[in-house]
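The values are calculated or read from the model by the stated rules, or taken from the named source; none is laboratory data. These numbers come from a predicted model, not from an experiment. Here Cβ is always computed from backbone atoms with ideal geometry, including for glycine, and neighbour counts include all displayed protein chains. Protein only, heavy atoms only, side chains kept; ligands, DNA and RNA dropped before computing areas. Shrake-Rupley method; radii C 1.70, N 1.55, O 1.52, S 1.80 Å.
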Amino acid sequence: MATAALDFLPAPLRSLRLKTKQQELLLRVSALALIYVLAFAVRLFSVLRYESMIHEFDPYFNYRTTLFLSENGFSEFWNWFDSESWYPLGRVVGGTLFPGLMVTAALLHRLLRALSLAVHIREVCVLTAPFFAANTTLVAYAFGREIWDSGAGLVAAALIAIVPGYISRSVAGSYDNEGVAIFALLLTFYLFVRAVNTGSLAWALASAFGYFYMVSAWGGYVFIINLVPLYVLVLLVTGRYSQRLYVAYNCMYVLGMLLAMQIRFVGFQHVQSGEHMAAMGVFFLLQVFFFLDWVKYLLNDARLFKSFLRITLTCVITVGTLALVIGTASGYISPWTGRFYSLLDPTYAKDHIPIIASVSEHQPTAWSSFMFDFHILLFLFPAGLYFCFKRLSDATIFIVMYGLTSMYFAGVMVRLILVAAPAVCLISAIAASATIKNLTTLIRTKSKSPQVTSGKTTGSKAAAKGAVDQSLPFQHNAAIALLLGAFYLLSRYAIHCTWVTSEAYSSPSIVLAARGHNGGRVIFDDYREAYYWLRQNTPPDAKIMSWWDYGYQITAMGNRTVIVDNNTWNNTHIATVGRAMSSYEDEAYEIMQSLDVNYVLVVFGGVTGYSSDDINKFLWMVRIGGGVFPVIKEPDYLVNGEYRVDKGAAPKMLNCLMYKLCYYRFGELTTEYGKPPGYDRVRGVEIGNKDIKLEYLEEAYTTSNWIVRIYKVKPPKNRS
Amino acid sequence: MPRATSDAKLLIQSLTKAYAATPTNLKIIDLYVICAVATALMQVAYMGLVGSFPFNSFLSGVLSCIGTAVLAVCLRIQVNKDNKEFKDLPPERAFADFILCNLVLHLVMMNFLG
């Protein structure tokens, strides 16, 4: 075997005279190094095309808090009360965020500064997510090796490096919690499975620390604290209880729970919230199992043990159900809250909590999204499940459960495809690795003479091999054909992933690009233009009212106080803003006076064809406002159930504040050749109310492509 | 009923007899576990009397007792010579793990005590 393996290597390597094991190590390490670099490099498209900046909305808040942390230190950060957002309420930032991401970036920044590399914190923030994505590939390799073998680990690392479902939230510039959280998730799972496999307290302690990192990074830690007890329950039910499991789960649960409660945002939820009760229930169940196991070992007598079992079980079940019933009925254990309850009942949010329903990431997933984000992994996943069931062990049972539960949740909410991506990659890697291994074994046995093969195999198989000798030529060709097919599929996967990353997931959202009529690229940098205008031309204590999407960006780049922002913790406050936007100008002026608003900011896409503007979001403002103030009724703004902005639109729609602010002076503008002035390129109609006069506001600034429009609220008139 | 009581008596007798045969080091660990659980129960009773404010102190106290009891049980599992799964784990390593986990537990508890 050793000599044959050396044959196909190039001459320089052959002269090194490495043994097979060392060759294999070299191949593995170099493959992992290349995968690491690939995972980092494929996420850099937007940095190369535009510039090194933070994307989207949420990352701007994370960037602002990281800036504050790096300038003022941890104690100030942990106790920070921010009066620049949610005017006049303010926000307790220290107690309402997950600090993991900010602390990580600040530590990396400090480390680089200590090595005398003076980088700006923004560069560290932009590149944090690709760095942690590269680390995730290493964890995926270790995890694959734990579940199956090192070949599967390598394939898993390669798949997870470029899978679009993960890239979508970890591109350079996407400075959001998920970039770090997926690394923490996979690390926790890997450490826990290793603890279950070895039964060592040290690994269980490591997984408790991994869980702590996950809790500090993302609210999705609820998935871990429910999946791990479910896994333990499945092991108990399938008769796989072992003392390794006891050691691993108990250490992780107690230490993990205590560590998790150090994060103020999580607080006492681990003992009070219904979402965390499964873990506690399984904890007590495991104690019962251990106790029964120990008594059984002590007694050595089946009949006595049966009677003991009966007594204990009745006691335990009564006490358990009593505690659960009392806890839930008295309200001490809070039920499952909105965001997570809508995972179990997807229709809940639309009827009861419009804010959750309005976020596009929370919509159910379409089939096309699955295909887009997973490609060939979609059909490798069932194949991998088959292989896992063939070789059932504690570790494969875990990955099967992780895969199935995460795929269910990915079907309910688009955003959770991200959580399913590592599981799908691992299971598909098992399928790919096992298949390719079988095929290459088939090819290699043919290259030996028949007597050598019969000498290597066992006696019972030798006869079968001899009988099957005649079909070997076809087997060989078929195996080569299948191998070529497998390589073709994997290469198509790589091409698809690169294309998807380049086209769909690398846009910064704050800078828009389009193709001009001569084919050249046109950049719209209107958002930043407007925020810098705010920063330089308004008094420092000015208060800006806008829809909540833009709040984080305004505070981070414009450095001004906002009324509502993306944190959406106060529904009534947002509904007040929604009501102001949907009312007539005089009613809205009263509301704006009560909130001390100085400037109003709206986003309008009618000139450029930018479709994520406020007119398209307007119905959500009406719904959310109407949810709290019944004076706002959605049918008032629709005509026969249809949402229109042209001449046939509802009169309330044509005169509400949002319409006036978006279309002020738009009636004189010709946007497209051959269309009348006032032609809205997004809605595709000529607007209904072209002669707009504003009484209580005046136009302060409109950006060069009319995307962001800022209006100043006039002070009340002097009495004459 | 009489059969049940005689069953129970037989049960208790055989349990005490079998337990007497366990090695001394395991019995010491068992005693430690019982002490820790008793302390936790005393804390819960005190909380019932006085009320649960401040909750973080109560939680850290109870969890440190339960935590160290659970870790001692894990140590007992790993040190028990009759356990086939942990045959090649040296007892020094098991004890070192126990100390490390207890250290982390009590450090976090001190931070949480308030």
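Among the residues here, residue A:370 qualifies as under 24 Å from residue A:502 (Cα atoms) and in a helix (DSSP H, G or I).
Within segment A:136-170, the set of residues being surrounded by fewer than 22 Cβ atoms within 10 Å (Cβ to Cβ) and free of Cβ contacts under 8 Å to residues at least 60 places away in the same chain comprises A:142, A:145.
Any residue at all in segment A:347-366 that is part of a helix (DSSP H, G or I), without any contact (Cβ under 8 Å) to a residue 40 or more places away in the chain and within 30 Å of residue A:495 (Cβ to Cβ)? Checking segment A:347-366: not a single residue is part of a helix (DSSP H, G or I), without any contact (Cβ under 8 Å) to a residue 40 or more places away in the chain and within 30 Å of residue A:495 (Cβ to Cβ).
Comparison of A:256, A:239, A:267 shows that the only residue that is surrounded by fewer than 23 Cβ atoms within 10 Å (Cβ to Cβ) and under 25 Å from the mean Cα position of the chain (by Cα) is A:267.
Sub-7 Å Cβ pairs linking a first residue in segment A:208-223 that is open to solvent by 30 Å² or more (accessible area, probe 1.4 Å) to a second residue that is part of a helix (DSSP H, G or I), at least 6 apart or interchain, are A:212/A:256; A:212/A:259; A:212/A:260; A:213/A:100; A:213/A:184; A:223/A:419, ordered by first then second residue.
Within segment A:208-246, being of a type in the set (Gly, Ala, Ser), within 12 Å of chain B (Cβ to nearest Cβ) and part of a helix (DSSP H, G or I) holds for one residue alone: A:208. If you go through segment A:377-431 and keep only what is surrounded by fewer than 18 Cβ atoms within 10 Å (Cβ to Cβ), assigned to a loop (DSSP other than H, G, I, E, B) and not charged (D, E, K, R), you end up with A:392, A:393. Scanning segment B:81-114 for residues that are at the interface with chain A (Cβ under 9 Å from one of its Cβ atoms) and closer than 18 Å to residue A:198 by Cβ gives B:83, B:85, B:86, B:89, B:93, B:94, B:96, B:97, B:98, B:100, B:101.
Just checking, does segment A:16-34 include any residue being closer than 19 Å to residue A:180 by Cα and either free of Cβ contacts under 8 Å to residues at least 40 places away in the same chain or outside the structural domain of residue A:171 (by the TED database) (or both)?
Quick first cut of segment A:16-34, residues closer than 19 Å to residue A:180 by Cα only: none.
Scanning segment A:16-34 turns up no residue that is closer than 19 Å to residue A:180 by Cα and either free of Cβ contacts under 8 Å to residues at least 40 places away in the same chain or outside the structural domain of residue A:171 (by the TED database) (or both).
Highlighted here are the helices (runs of 4 or more DSSP H) found entirely within segment A:555-666 that include at least 2 residues which are more than 25 Å from residue A:698 (Cα to Cα) and either among the polar types (S, T, N, Q) or within 35 Å of the chain's Cα centre (by Cα) (or both): A:571-582, A:614-628. Could you list, in sequence order, all residues of segment A:503-530 that are over 23 Å from residue A:44 (Cβ atoms) and in contact (Cβ under 8 Å) with a residue 40 or more places away in the chain? Passing the criteria: A:526, A:529, A:530.
Scanning segment A:256-277 finds one or more residues that are over 18 Å from residue A:211 (Cα atoms), facing chain B (nearest Cβ under 10 Å) and assigned to a helix (DSSP H, G or I). Tallying residues that are under 36 Å from the mean Cα position of the chain (by Cα), assigned to a loop (DSSP other than H, G, I, E, B) and buried (at least 17 other Cβ atoms within 10 Å of the Cβ) within segment A:680-703 yields 3.
Of all residues in segment A:331-345, those satisfying the criterion of being open to solvent by 80 Å² or more (accessible area, probe 1.4 Å) and hydroxyl-bearing (Ser, Thr, Tyr) are A:332, A:341.
For segment A:177-204, the set of residues classified as within 14 Å of another protein chain (Cβ to nearest Cβ), part of a helix (DSSP H, G or I) and open to solvent by less than 10 Å² (accessible area, probe 1.4 Å) consists of A:195, A:196, A:201, A:204, listed by residue number. For residue B:27, state whether it is away from chain A (no Cβ under 11 Å), surrounded by fewer than 18 Cβ atoms within 10 Å (Cβ to Cβ) and closer than 28 Å to residue A:240 by Cβ. Considered against the rule, which asks whether it is away from chain A (no Cβ under 11 Å), surrounded by fewer than 18 Cβ atoms within 10 Å (Cβ to Cβ) and closer than 28 Å to residue A:240 by Cβ, residue B:27 comes out as no. Only one entry in B:44, B:37, B:62, B:73 is in a helix (DSSP H, G or I), open to solvent by less than 70 Å² (accessible area, probe 1.4 Å) and within 8 Å of chain A (Cβ to nearest Cβ), namely B:73.
In the set (1) surrounded by 19 or more Cβ atoms within 10 Å (Cβ to Cβ); (2) at pLDDT below 90, the condition left unmet by residue A:272 is number (1).
If you check residue A:527 against the conditions, is it within 24 Å of residue A:130 (Cβ to Cβ), within 27 Å of the chain's Cα centre (by Cα) and modelled with pLDDT of 90 or more? Answer is yes for this residue. The set of residues in segment A:639-656 that are open to solvent by less than 30 Å² (accessible area, probe 1.4 Å), within 11 Å of residue A:584 (Cα to Cα) and touching a strand residue (DSSP E or B) at 6+ places or on another chain (Cβ under 7 Å) contains only A:656.
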